[in-house]
Protein chains: 2
Amino acid sequence: MQMSDAVTACALIIGNEILSGRTPDANLNHLALTLGGWGIQLREARVIPDVEAEIVAAVSTCRRRFNYVFTTGGIGPTHDDITAACIAKAFGVPLVVSPEIAERIRRPPSPPEGLEARMRMAQIPEGAVLVDNATGGPQGFRMDNVIVMAGIPVVMRAMLTTLEGQLDSGPVIQSRSVTAYLGESRIAKGLGEIQGRYPDIDLGSYPFFHDGRYGASLVMRGADVGRLERMLDEVCQVIIDAGEKPHRGETS
Amino acid sequence: MQMSDAVTACALIIGNEILSGRTPDANLNHLALTLGGWGIQLREARVIPDVEAEIVAAVSTCRRRFNYVFTTGGIGPTHDDITAACIAKAFGVPLVVSPEIAERIRRPPSPPEGLEARMRMAQIPEGAVLVDNATGGPQGFRMDNVIVMAGIPVVMRAMLTTLEGQLDSGPVIQSRSVTAYLGESRIAKGLGEIQGRYPDIDLGSYPFFHDGRYGASLVMRGADVGRLERMLDEVCQVIIDAGEKPHRGETS
């Protein structure tokens, strides 16, 4: 898609438990849809292990390639929570105690034996600012263009909500779709020709098989609604020319 | 984890529809669990767009860093199916027609207007070998250490099944787990000390909140069952020392 004014993002999902298969990721789809709605395009996602060198390398690479990097996971009080230290290393700054987070950790009455561990969560890279977590538990933070969030989905969502309206944004990508019950090869040539005429709109063809029928969902994504509508008409015509019926707005 | 004999893998999930949020990924978890059971450790996963330069760069990087690269998506007959061409480019070889795949495409009776598009699916990188797809539809292929599969989950799973016993493998990683209903900060110090004594075993602490209770699942992963069992005993003792009850084998 040719969009010089696009605002882009990369997700870094930090966690051995995702890579081992123990825990299915439950954050990526929500992040993609939320950012999309704000006019920020998710352009890449990586699932990486709880290994310092891997996290530092991925943050260092991705923060230069994308407008924003969103990380999930690794910000709790245990030994395997190393995200804050890795972000500090990636930026070449020390970890410092955030008085704001430290105060939140000390505030609720709690058993003293865990306080030292919980105070680990107050350590953030020098220069980072708080990303509020109203659910309690670990607080997120933002370091330059890197936004560090929890891995637990309910906490991640709460943190993300607080960022609404706080980030740079570009055009919101709109979509149109149409479904046809045919093998996509029958319309492949026509679709390719249409894509050639609309380089600013991404035309995806997603085959499916269910309820005993083969079909394809054609999805168009772009910022210009007028061109989207014209492209949709052309795609429908290709389906009609193949002798089938276009079902606008239906996707499978 | 220190395992010089580990066999490693990276997943490349190719598809704009995952990044836009239209389609939640449904392959990664299955791939992680299946490969893990075969003694192949998934060490990284990337979701990348249907963009040639991105796919070529990711394949070129990852095939050198990991024993295997598994790709999903982009092997159908339409203009947005560019994976085979990208793999060829990453390896510096031409696309050639696979007589084996071409024969499968020509075999079933089907409308002539889609044949040209379907024959696109017979083009694979020179030197690649077939990865069988018994469900019909696109065939997968393997080029050196890169295994190219469909994005549709049922097709991807069928292709993966045919690889069982065909790939190099290392030790199968075993896991032990125990759940305790306490804030993980209360046992963080003890867990960190245990992890220090077992550098070959990965100890993860995964906090949760459900049914009105806070808790943490402690998961140990490693190849040496004897050491896993001893580590599990030590983790249970830390929970008991904190005044709580360890629930072995339960995770949340």
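Taken together, the values in this text are just the output of simple stated rules run on the coordinates, not laboratory data. Everything numeric here is computed off the predicted structure, so don't read it as measured data. Here Cβ is always computed from backbone atoms with ideal geometry, including for glycine, and neighbour counts include all displayed protein chains.
Before moving on, here are some points about what is shown:
- Inter-copy separations for B:Pro171, label at 7 Å along Cα-Cβ, nm, ascending: 5.5
- Taking all Cα-Cα distances within chain A, those exceeding 30 Å account for 41%.
- Remark: label point of A:Asp132 defined 7 Å out from Cα along the Cα-Cβ vector; separations to the same position in other copies 6.0 nm, ascending.
- Gain on full stretching of the segment that runs from B:Arg213 to B:Leu115 - 0.36 nm per residue minus C-alpha separation: 29.4 nm
- Distance to the A-onto-B rotation axis is smallest for one chain A Cβ; residue and value in angstrom are A:Arg46, 2.
- The H on the amide N of A:Arg46, modeled in the peptide plane, is under 5 Å from the matching H of A:Ala11, A:Leu12, A:Ile13, B:Val47, each at least 5 residues off or on a different chain.
- Radius 14 Å from Cβ of B:Val47, net charge of other residues (Lys, Arg +1; Asp, Glu -1): -3
- Among A:Ser177, B:Ser110, a tally of other beta-carbon atoms within 10 Å of each Cβ gives an order, fewest to most, of B:Ser110, A:Ser177.
- Free-standing Cys residues across chain B, given no other cysteine C-beta under 4.7 angstrom: B:Cys86, B:Cys236
- For the protein assembly as shown, the gyration tensor built on C-alpha atoms gives a prolate shape. Its axis ratio a/c (a ≥ b ≥ c) is at least 1.5, and a/b is the larger of a/b and b/c.
- A:Val225-A:Asp144 FRET efficiency (beta carbon distance; Förster radius 35 Å; 0.05 resolution): 0.55
- Under the simplified labelling scheme, the B:Lys245-A:Val129 pair shows an inter-label distance of 4.8 nm, with each label point 7 Å from Cα along Cα→Cβ.
- Note on B:Ile82, B:Ile187: ascending count of other Cβ atoms within 10 Å places them as B:Ile82, B:Ile187, the fewest first.
- Neighbour-count ranking [beta-carbon atoms within 10 angstrom, fewest first] of B:His247, A:His79: B:His247, A:His79
- Look at where the Cα atoms of segment A:160-204 and of segment B:1-56 average out, and the two centres are 23 Å apart.
- Residue-averaged [θ]222 nm for the protein assembly as shown, counting only DSSP H segments that reach four residues, each worth -39500 (n - 2.57): -10000 deg cm²/dmol
- Across the identical copies, the 7 Å label point of A:Glu103, projected outward along Cα→Cβ, sits 7.6 nm from its counterparts, in ascending order.
- Fluctuation leader among B:Gln41, B:Gln237, B:Gln166 - chain B, Gaussian network, Cα springs under 10 angstrom: B:Gln166
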